[in-house]
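K.L.:
Starting off with a structure, shown below.
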Amino acid sequence: MTSTEQDAVRSLDELGPVDYVVIEFPAGQSNFTGEMAKELLALVDAGTIRVIDILILEKSDDGSIDAIELSDVGELGELQALEAELAELLAAEDVAHLAAAMDPGSVAGVLVYENLWAAPFAAAARRSGGQLIANGRIPIQAIIASIEADEAASAEGD
Amino acid sequence: MPVRPARVGRVGVIGAPVAKTVVVAKAVSPGPSPVAKTAVVAAAVTPGRGVRRRI
């Protein structure tokens, strides 16, 4: 194995989990003050995440989809530095898949990011022989539903 | 507005159409105020919640 190949393997082994989020803004409900950009940059600056890709999707009332590159947004402000580092991981076919979750008439931001905070643990797990077989997110709403179900069951038992 | 040429013709990474998260409606349903719910959730994810689950 060449040193370049060894570097690539080492780099892959130390890569943190990559996630994506689609944040939808229903028609007429967006209120962009710069707060989201500020918090995103804070996560990047703290080394918590590395932003891999960003797209803005618009879904018209007839269901057609428009994908906008971050570089095509007028005033990027502090996001300018971030835009220069994007890896453009998402392919054109991903746009349709992601937009399937959107309601007609809405706008959504798609963010793909590496969880740098998780990379050392993930690498240690791999070195220990472990492999990721499942992961996911528990929505706060699901926790609320669980608690409410517990409370309802307790009330019935009283 | 088209995506950049670099995105076209590549194999995607998402794999299949994404479904909207279905539990969102729960968060806006009638019930305790968001503040009260926050306190309840915080208690639920705090160690020593109470009954140990049995699988």
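The values are calculated or read from the model by the stated rules, or taken from the named source; none is laboratory data. Just so it is clear, the structure is predicted and the values come from calculations on it, not from any experiment. Cβ placement follows ideal geometry from the backbone for every residue including glycine, while neighbour counts extend to all protein chains displayed. Ligands, DNA and RNA are stripped out before the accessible areas are found, and what is left, the full protein with its side chains, is counted by its heavy atoms. Shrake-Rupley method; radii C 1.70, N 1.55, O 1.52, S 1.80 Å.
K.L.:
Given the residues A:Ala87, A:Ala123, which is the only one that is part of a loop (DSSP other than H, G, I, E, B) and within 19 Å of A:Thr48 (Cα to Cα)?
P.N.:
Only one candidate qualifies: A:Ala87.
K.L.:
Kindly check whether there is at least one residue in segment B:37-53 that is within 8 Å of chain A (Cβ to nearest Cβ), modelled with pLDDT of 60 or more and closer than 30 Å to A:Glu93 by Cβ.
P.N.:
No; the residues of segment B:37-53 include none that is within 8 Å of chain A (Cβ to nearest Cβ), modelled with pLDDT of 60 or more and closer than 30 Å to A:Glu93 by Cβ.
K.L.:
For A:Ala100, which of the numbered conditions (1) over 23 Å from A:Gly34 (Cα atoms); (2) more than 15 Å from the chain's Cα centre (by Cα); (3) more than 7 Å from chain B (Cβ to nearest Cβ) fails to hold?
P.N.:
That leaves (3) as the condition not met.
Okay, residues lined up against (1) over 16 Å from the mean Cα position of the chain (by Cα); (2) within 13 Å of A:Leu82 (Cβ to Cβ); (3) surrounded by 16 or more Cβ atoms within 10 Å (Cβ to Cβ):
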| residue | (1), (2), (3) |
| --- | --- |
| A:Pro17 | no, no, no |
| A:Val21 | no, no, no |
| A:Glu24 | no, no, yes |
| A:Gly34 | yes, no, no |
| A:Leu41 | no, yes, yes |
| A:Ala46 | yes, no, no |
| A:Ile54 | no, yes, yes |
| A:Lys59 | yes, no, yes |
| A:Ile68 | yes, no, yes |
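K.L.:
If the requirement is being open to solvent by less than 20 Å² (accessible area, probe 1.4 Å) and more than 12 Å from every other protein chain (Cβ to nearest Cβ), which of these qualifies: A:Ala118, A:Ala84, A:Ala134?
P.N.:
Unique residue meeting the criteria: A:Ala118.
K.L.:
Sticking with this one: For segment B:3-32, which positions are more than 7 Å from chain A (Cβ to nearest Cβ) and at pLDDT below 85?
P.N.:
Matches in segment B:3-32: B:Val22, B:Ala25, B:Val28, B:Ser29, B:Pro30, B:Gly31, B:Pro32.
K.L.:
It is to be established whether one or more residues within segment A:137-145 are within 14 Å of chain B (Cβ to nearest Cβ), open to solvent by 80 Å² or more (accessible area, probe 1.4 Å) and in a loop (DSSP other than H, G, I, E, B).
P.N.:
yes
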